[in-house]
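K.L.:
The following block contains the structure, expressed as structure tokens.
The values are calculated or read from the model by the stated rules, or taken from the named source; none is laboratory data. The structure displayed is predicted, hence computed values, not measured ones. As a convention, Cβ positions derive from the backbone with ideal geometry for all residues, glycine included, and neighbour counts pool all protein chains shown. Calculation scope for accessible area: heavy atoms of the full protein, side chains included, ligands and nucleic acids excluded. Shrake-Rupley method; radii C 1.70, N 1.55, O 1.52, S 1.80 Å.
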Amino acid sequence: MSMRVVNPGEIPTKDLHQFIVGAIAPRPIAFVSTIDENGIPNIAPYSFFNAFSSNPPVLVFSSNRTVAGNNTKDTLHNVQLNQEVVVNVVNYEIVRQMTIASVSYPPEVSEFDKSGLTPVESDLVKPYRIKESPVHFECKVKEIITLGEHGGAGHLVICDVLRLHIDENVLDGERINPHKLDLVGRLGRANYVRASGDAIFSVYQSVMDLALGFDKLPKSIQESSFLTGNEIAQLAGQYVLPTTEEIQAVKESNSHIKDVLNNLETEPQKCVEELHKYAKQLLAKEEAKTAFDVLMLADEIG
Ligand SMILES: Cc1cc2nc3c(=O)[nH]c(=O)nc-3n(C[C@H](O)[C@H](O)[C@H](O)COP(=O)(O)O)c2cc1C
């Protein structure tokens, strides 16, 4: 693998910016609503954004100086003025309206008018919520941290969440259903991802229960030329090694394995390879426990 080495400061900021937003992706999008001193509402998307604490609930987005003109943005002006924000999430249904709101209209223009989105009054802060967005966070700005003075420099806007509003239609009981929420994420350039349907997959791994890890697997599994790192991780993510009885059981009960073992005397190496290939098929079907038994059997006979 040949790696491109990039030293910030030695390439134009616009190129560095694209390396950063291309690699740190997909990013969630805060559709930030603020209000100015004349009561003019402002909405703009910010993908230098995330949640950083649940208790207290804290969201952070960064309003950057423009790379080309080194200008600050209306959102920053407004939060410096009155420290109030509503962060709205962006789903697929409003992605194009969100991009219209990202256009640099002058401060006296409301992006609600431009994007066709609907302002709804908030309960605890002056900025409006965006009706069409399925989740809104009413926030008080806790702190603004300036990261630099040149084009591309961020201003971290640290927001305490005062209240959430969640569309009942995206909820299954007390949990958000990602398929119903249908969020979009930002990649580099003009690219987005849609977080629903086939794009979503589940990986179950407890953070509290101590999984075996690669180092506790027999060398023959760690170094299998048939299994990828992801496949071996399905075994490393288990909590105990298969017992002798379990290995014996899979050997005796599984007809495919019996067939493979018929050639054990004449072609032992081939048998081991067949068992690794069979384990790979089982892993593809999420049958990690049986795959583990099969690979341990291969280790015994190898
Ligand atoms: C999806 C998306 C994400 C964006 N993320 C950021 C960001 O994280 N920081 C930023 O300064 N500008 C970001 N922008 C650009 C701003 O939305 C744009 O400069 C906007 O005009 C700022 O509006 P304002 O001046 O009303 O605050 C993003 C634009 C889009 C379309």
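K.L.:
Residues that are more than 11 Å from the ligand (Cβ to nearest atom), open to solvent by 70 Å² or more (accessible area, probe 1.4 Å) and more than 23 Å from the chain's Cα centre (by Cα): does the range 32-44 have at least one?
P.N.:
Yes; the residues of the range 32-44 include at least one that is more than 11 Å from the ligand (Cβ to nearest atom), open to solvent by 70 Å² or more (accessible area, probe 1.4 Å) and more than 23 Å from the chain's Cα centre (by Cα).
K.L.:
Let me ask something additional. Could you list all residues from the range 49-96 that are open to solvent by 70 Å² or more (accessible area, probe 1.4 Å), in a loop (DSSP other than H, G, I, E, B) and closer than 22 Å to residue 24 by Cα?
P.N.:
Across the range 49-96, the qualifying residue is only 68.
K.L.:
For a quick check of your reading: which strands (runs of 3 or more DSSP E) sit entirely within the range 122-234 and have at least 2 residues that are assigned by TED's automatic domain parsing to the domain that holds residue 43 and touching a Lys or Arg at 6+ places or on another chain (Cβ under 7 Å)?
P.N.:
Passing ranges, in order: 135-146, 155-166, 183-186.
K.L.:
Suppose the filter is among the hydrophobic types (A, V, I, L, M, F, W, C), under 30 Å from residue 20 (Cβ atoms) and modelled with pLDDT of 95 or more; does residue 120 pass it?
P.N.:
Considered against the rule, which asks whether it is among the hydrophobic types (A, V, I, L, M, F, W, C), under 30 Å from residue 20 (Cβ atoms) and modelled with pLDDT of 95 or more, residue 120 comes out as no.
K.L.:
Then there is this: The conditions are (1) surrounded by 16 or more Cβ atoms within 10 Å (Cβ to Cβ); (2) aliphatic (A, V, I, L, M); (3) under 27 Å from residue 57 (Cβ atoms), and residue 227 fails exactly one of them. Which is it?
P.N.:
(3)
K.L.:
Within the range 53-60, identify whether any single residue is within 10 Å of the ligand (Cβ to nearest atom), assigned by TED's automatic domain parsing to the domain that holds residue 101 and under 28 Å from residue 113 (Cβ atoms), and answer yes or no.
P.N.:
Checked the range 53-60: no residue is within 10 Å of the ligand (Cβ to nearest atom), assigned by TED's automatic domain parsing to the domain that holds residue 101 and under 28 Å from residue 113 (Cβ atoms).
K.L.:
Another question, then. If you go through the range 241-296, how many residues are small (Gly, Ala, Ser), more than 15 Å from residue 217 (Cβ to Cβ) and at pLDDT 95 or above?
P.N.:
Residues flagged as small (Gly, Ala, Ser), more than 15 Å from residue 217 (Cβ to Cβ) and at pLDDT 95 or above within the range 241-296 amount to 2.
K.L.:
Is one or more of the residues making up the range 4-15 outside any loop (DSSP other than H, G, I, E, B) and either at pLDDT below 95 or within 18 Å of the chain's Cα centre (by Cα) (or both)?
P.N.:
Scanning the range 4-15, I find no residue that is outside any loop (DSSP other than H, G, I, E, B) and either at pLDDT below 95 or within 18 Å of the chain's Cα centre (by Cα) (or both), so the answer is no.
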